[in-house]
C-alpha cells in the first residue's frame, strides 16, 4: 500500500502528483525518491502543475516544493491554495465511486476514451490526449500514441505508446500481445527474442520497477 | 456500364502486371469485352507482357492531352476477340496525368467495355493515386512474404480511405512445399492480418517466365498451374463459386503408403 503513496498522473493540463491522504510527509518523500530516482533524467525539467489528494498545510507544501525543485530539478507550477488543488472538490481520483466501493482505490480510472471500431492498418496513426480503445486488430506498421492507457480488443502487432507524456501508471492491454514495440512513458521494449510460440491469453503491459512487464490479467483458463 | 477494377499491391514485383494480363485475357476468352490500361507511366510493362509492344502508336498521355482520340490509342489484340490495351507513355512520368483525368477516362471506357482493368504501379504516390481514381473495385496482389504483406496492408488502408471498400486478395507465387515446411507464410496467417476476401491463390510457376518473355499470358498455356489458377480467378470474378485448387504436390506411391499406415511425421 505504501508503494502507491505517490502517483504521477498525466492529464491534458500536465503532470500532477497525487498524494495518498493518510501518508505522512516522510513516507511521501521516500516514495517520491523511489519513483523519481530511477528516471531522474527523464523527470528533470518537468513541470508539475500541482499536488492532488492529501490536503497539505502551507509548510508541507513548501517543503515538498523545495524537495521537488532542488533535488529532482522539476518545477512546481501551481501554488498552495490553488482552486484545482482542493482535495474535497470533484476529485474523481480520491473519491471512491459509490457503486464500486469494494475495488481498491488504485484500480479505478475515469478519463476520456477514444473508441476506434476498426482494424488499424500499416501506416495508420492514432494520437489522443486520453485513453484509446481499439475494437479490432492493430496490424504491424500501425502506431497508437496516447496520453492515457491503450486497450486493444484484438491482436496487437503494431507499436503502442501509452502514458506518452510521462505517466508510468498507464497500461497497454490486448487479447493477443504480439507487439512490434511497447512504450510506456519513456520506456521502450519489444518482445523477447525467440518468442516463437504465441501466447494466446489476454495480457497487460505495465511498468514495474522501471521496466515494462507483460503478464496475463485473467485467471488461468 | 462496365466494371472498373484496379489491380494494385504497394510492393513492386509481386505480379500486378502478370495478374492484369491473365485476368484480362481470361475474361476475353469467356466472351467479355475487356480493356486493359497500363498506368505505370515511365515504366510501362503491360504491353511487353501482352506481346503488343511494337504496335504502340499513341498512349494514355496522348489521349489525356487530347493529341489523339481514345479509339486511336487502343490496341486490339488480334489473338482474342474484344481484348484491347491502352498503353502507358514511356517517355513521360507519373505527373503527366492527374486523378480527375483518370476518372473521366475510366467512365469513357466503361461505356464501351464490359471490364476496364487498371494496372497500378508500385508505390503509394501519384501513380497509385492516378490508378485508383476511376476504379470501383480493387484487387490487391501480394506474395507470401512479410514485407509484401506489410505493404499490402498499407495499400488496403489507403484504398479504404479512398472509398474502395472490400478489395479482394490474390496471393501470388506461393510454394506449398515451403509453406508445409514452415519456411513460407501460410494463407491463414496472411488473411488473419489483411482481413479481406480471398479471390485466388496462384502458385509459383516457371511458365510465367516463359509466358512473359513470349508475350503470351500463362492462362493460355494448358500445362501451367498458374494459368489454371488464373482461370479459376476469372470464373470467380464472373460470379461462379469455384473451390480453391489443391496445390500440394502429388506424392509418389511410397509416400502415399507411408501416409496410409500413419508412419509419416505429423505437424
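The values are calculated or read from the model by the stated rules, or taken from the named source; none is laboratory data. These numbers were taken from a predicted model, which means no experiment stands behind them. Note: ideal-geometry Cβ built from the backbone for every residue, glycine included; neighbour counts use all protein chains shown.
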Of those in the range B:201-216 that are touching a residue at least 60 places away in the same chain (Cβ under 8 Å) and over 16 Å from residue B:52 (Cα atoms), the residue farthest from the other protein chains (Cβ to nearest Cβ) is B:208
Among helices (runs of 4 or more DSSP H) entirely inside the range B:1-109, those with 1 or more residues being within 20 Å of the chain's Cα centre (by Cα), touching a residue at least 60 places away in the same chain (Cβ under 8 Å) and crowded, with 24+ Cβ neighbours inside 10 Å are B:16-29, B:46-50
Looking across the range A:140-197 at residues that are at positive phi and touching a residue at least 40 places away in the same chain (Cβ under 8 Å), the single one that is farthest from the other protein chains (Cβ to nearest Cβ) is A:166
Scanning the range B:145-174 for residues that are crowded, with 18+ Cβ neighbours inside 10 Å, at the interface with another protein chain (Cβ under 9 Å from one of its Cβ atoms) and farther than 11 Å from residue B:194 by Cα, the one modelled with the highest pLDDT turns out to be B:158
Cβ pairs under 6 Å, 6+ apart or interchain, first in the range A:51-62 and in the same structural domain as residue A:17 (by TED's automatic domain parsing), second in a helix (DSSP H, G or I) and modelled with pLDDT of 80 or more, ordered by first then second residue, are A:60/A:25
Those residues of the range A:41-51 which are surrounded by 12 or more Cβ atoms within 10 Å (Cβ to Cβ) and assigned to a helix (DSSP H, G or I) amount to A:42, A:43
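Residue check: is residue A:17 in a helix (DSSP H, G or I), at pLDDT 80 or above and surrounded by 15 or more Cβ atoms within 10 Å (Cβ to Cβ)?
Working: in a helix (DSSP H, G or I): no; at pLDDT 80 or above: yes; surrounded by 15 or more Cβ atoms within 10 Å (Cβ to Cβ): yes.
No; evaluated as a whole, the condition is false for this residue.
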Among strands (runs of 3 or more DSSP E) entirely within the range A:146-221, at least 3 residues that are over 17 Å from the mean Cα position of the chain (by Cα) occur in A:150-156, A:172-177
So the helices (runs of 4 or more DSSP H) completely within the range B:117-199 holding 2 or more residues that are touching a residue at least 60 places away in the same chain (Cβ under 8 Å) are B:126-133, B:146-161, B:176-181
Going through (1) away from chain A (no Cβ under 14 Å); (2) buried (at least 17 other Cβ atoms within 10 Å of the Cβ); (3) at pLDDT 95 or above one by one, residue B:198 fails only at (2)
Only one of A:126, A:92, A:159, A:115 is surrounded by fewer than 22 Cβ atoms within 10 Å (Cβ to Cβ), out of contact with any helix residue (DSSP H, G or I) (no Cβ under 9 Å at 6 or more places or on another chain) and at pLDDT below 90, namely A:92
